[in-house]
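Student: The structure follows.
Bear in mind that the values in this text are calculations on the coordinates, not laboratory data. No experiment lies behind these values; they were computed from the predicted model shown. Positions of Cβ are generated from backbone atoms using ideal geometry, with glycine treated the same way; all protein chains shown enter the neighbour counts.
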Ligand SMILES: C[S@@+](CC[C@H](N)C(=O)[O-])C[C@H]1O[C@@H](n2cnc3c(N)ncnc32)[C@H](O)[C@@H]1O
């Protein structure tokens with residue numbers, strides 16, 4: 001959550017009476033307050049009923065002074081609200097931070113804490129060198145806990161985004177076979193298969209990533225590299241969710257050409273990613289720019305404009321590239337194209 005300055009405080013920041021970068025210095029501390037709240041079970045406890053800090057510290061076995069200080073900070077940041085000494089969840093916290101809530105994103109906290117404490121501390125070096133010291137997927141394959149937390153985060157996002165994405169995928173009539181490249185946790189395949197009982201899917205990903213995949217009788221997990229290994233042939237649909245931003249232009253061109261070969265005539269490729277473009281507001285644009293920087297830090301990657309993706313698709317032999325925004329969110333857009341029948 002951001003700081004919520006009142007008009008006087010906002011003016012003090014704007015006029016530089018107060019150093020505005022303090023919001024960023026202390027933003028890191030706010031992030032850790034959020035992580036602590038989730039790790040200590042405070043959001044889950046408050047989901048049951050409003051409680052005082054003293055009651056929370058007693059039931060969760062926490063230090064009373066520490067709990068009181070944390071609860072004041074969480075209230076200031078907008079995660080909880082205090083009334084007559086009792087804390088309750090704010091509406092966003094109830095939606096996004098309670099274990100088991102349909103849109104719960106607390107899984108992301110462990111991954112982002114790790115990411116911020118490792119990759120992001122090397123940002124200056126990455127910007128100087130133009131590439132990360134250790135590519136992210138080399139790190140995840142060597143570190144099961146990093147891989148687990150990353151897959152848990154992307155799966156949580158996917159559970160939120162996949163239903164609308166799956167509804168927007170034009171599965172050809174009589175289709176049977178799906179290839180999910182870099183499908184990891186397999187949530188996109190699971191969601192598509194739930195809509196189409198005649199489909200089965202192969203999820204191709206690196207070995208450690210597949211350790212997080214949910215088993216399903218119509219899903220085959222295949223360990224390998226989509227850059228180096230044979231993709232197979234005769235697919236009706238190929239899914240490429242959140243992998244294009246991690247590829248160089250040369251890798252993307254090569255992979256899309258191989259995907260076109262692997263599809264049967266009339267089959268479709270579906271790229272799910274963020275596309276650079278006019279953002280609805282400054283906050284959305286800044287989040288996209290930070291995400292773009294994150295892809296640079298992690299994998300020398302970047303966010304492309306849809307026009308660039310369209311060119312790549314056409315060059316690879318696809319027809320009718322089209323841009324879809326089933327969630328109306330810059331965080332989850334689709335590029336769909338068809339292999340000529
Ligand atoms: C950002 S995640 C996306 C996961 C999932 N498709 C989603 O959208 O939530 C990228 C995935 O690509 C996988 N990946 C990266 N390089 C790969 C490669 N060369 N071959 C196969 N999978 C790869 C990673 O292991 C990871 O699971």
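Student: Tell me, what is the FRET efficiency for residue 223 and residue 95 to the nearest 0.05, using R0 = 45 angstrom and their Cβ-Cβ distance as r?
Tutor: Efficiency for this residue pair is about 0.80.
Student: Size of segment 62-185 along its principal axes in angstrom, Cα-based, largest extent first?
Tutor: Largest to smallest, the principal-axis extents are 61, 44, 25 Å.
Student: Just want the ordering: 143, 236, 61, from fewest to most Cβ atoms lying within 10 Å of their own Cβ.
Tutor: 61, 143, 236
Student: Need one number: nm distance between label points at residue 282 and residue 88, each 7 Å from Cα along Cα→Cβ, rounded to one decimal.
Tutor: Between residue 282 and residue 88, the simple spin-label model gives 3.3 nm.
Student: Return the Rg/Rh value of the chain, two decimal places, where both radii are evaluated on C-alpha atoms and Rh is the Kirkwood radius.
Tutor: My calculation of the ratio gives 1.01.
Student: For residue 114 and residue 9, FRET efficiency with R0 = 51 Å and r from the beta-carbon atoms, rounded to 0.05?
Tutor: Calculated value: 0.95.
Student: Sorting 55, 49, 185 on the 10 Å Cβ count, fewest up front, what's the list?
Tutor: Listed from fewest to most nearby Cβ atoms, that is 49, 55, 185.
Student: May I ask for the angle, rounded to the nearest 10°, between helix 22-39 and the longest principal axis of the chain, with both axes built from Cα atoms and the value confined to 0 to 90°?
Tutor: Long axis of 22-39 versus the principal axis of the chain: about 80 degrees.
Student: Give the Cα extents of segment 108-151 along the principal axes, in whole Å, largest first.
Tutor: 30, 20, 11
Student: Counting helices only, and only those DSSP H runs with n ≥ 4, report the 222 nm mean residue ellipticity of the chain as the sum of -39,500 (n - 2.57) divided by its residues, in deg cm²/dmol to the nearest 500.
Tutor: -14500 deg cm²/dmol
Student: Using a Förster distance of 30 Å, how high is the FRET efficiency between residue 54 and residue 28, based on the Cβ-Cβ distance and rounded to 0.05?
Tutor: So, using R0 = 30 Å, E works out to roughly 0.60.
Student: Oh, and also: Give the order of 300, 16 when sorted by the count of other beta carbons within 10 angstrom, beginning with the fewest.
Tutor: Ordered from fewest to most neighbouring Cβ atoms within 10 Å, 300, 16 come out as 16, 300.
Student: Turning to a different aspect of this structure: If one takes the longest principal axis of the Cα atoms in the chain, at what angle in degrees, from 0 to 90 and to the nearest 10, does the Cα axis of helix 306-315 lie?
Tutor: That works out to roughly 20 degrees.
Student: Can I get the semi-axes of segment 119-174's equivalent ellipsoid? Compute them from the C-alpha gyration tensor as square roots of 5 times the eigenvalues, in angstrom, largest first.
Tutor: 33, 15, 12
Student: So how much slack lies between residue 293 and residue 128, counting 0.36 nm per residue of separation and subtracting their Cα-Cα distance, in nm?
Tutor: That works out to 58.1 nm of additional length.
Student: Over all alpha-carbon pairs in segment 7-104, figure out the percentage whose distance exceeds 23 Å.
Tutor: 32
Student: Continuing with this model, one more query. Length gain on complete extension for the stretch residue 168 to residue 307, per 0.36 nm per residue less the alpha carbon to alpha carbon distance?
Tutor: Extending this stretch completely gives an extra 48.1 nm.
Student: With 10 Å bins from zero, work out the P(r) of segment 214-332 over every alpha carbon pair and list the percent per bin.
Tutor: Result returned by the calculation: 12, 41, 34, 13, 1.
Student: Taking Cα centroids, how far is segment 1-72 from segment 279-341 in Å?
Tutor: The two parts, judged by their Cα centres, are 35 Å apart.
Student: Separate question: For the pair residue 17/residue 319, report the inter-label distance in nm, with labels modelled 7 Å from Cα in the Cβ direction.
Tutor: For residue 17 paired with residue 319, the spin-label model returns 6.6 nm.
Student: Next question, about the same structure. Go through 265-271, 240-246 and give me the packing order, highest mean Cβ count within 10 Å leading.
Tutor: 240-246, 265-271
Student: Need one number: nm distance between label points at residue 142 and residue 329, each 7 Å from Cα along Cα→Cβ, rounded to one decimal.
Tutor: It is 3.3 nm.
Student: OK, next. Helix 249-262 against the longest principal axis of the chain: what's the angle in degrees, Cα atoms only, rounded to the nearest 10?
Tutor: Roughly 50 degrees between the two axes.
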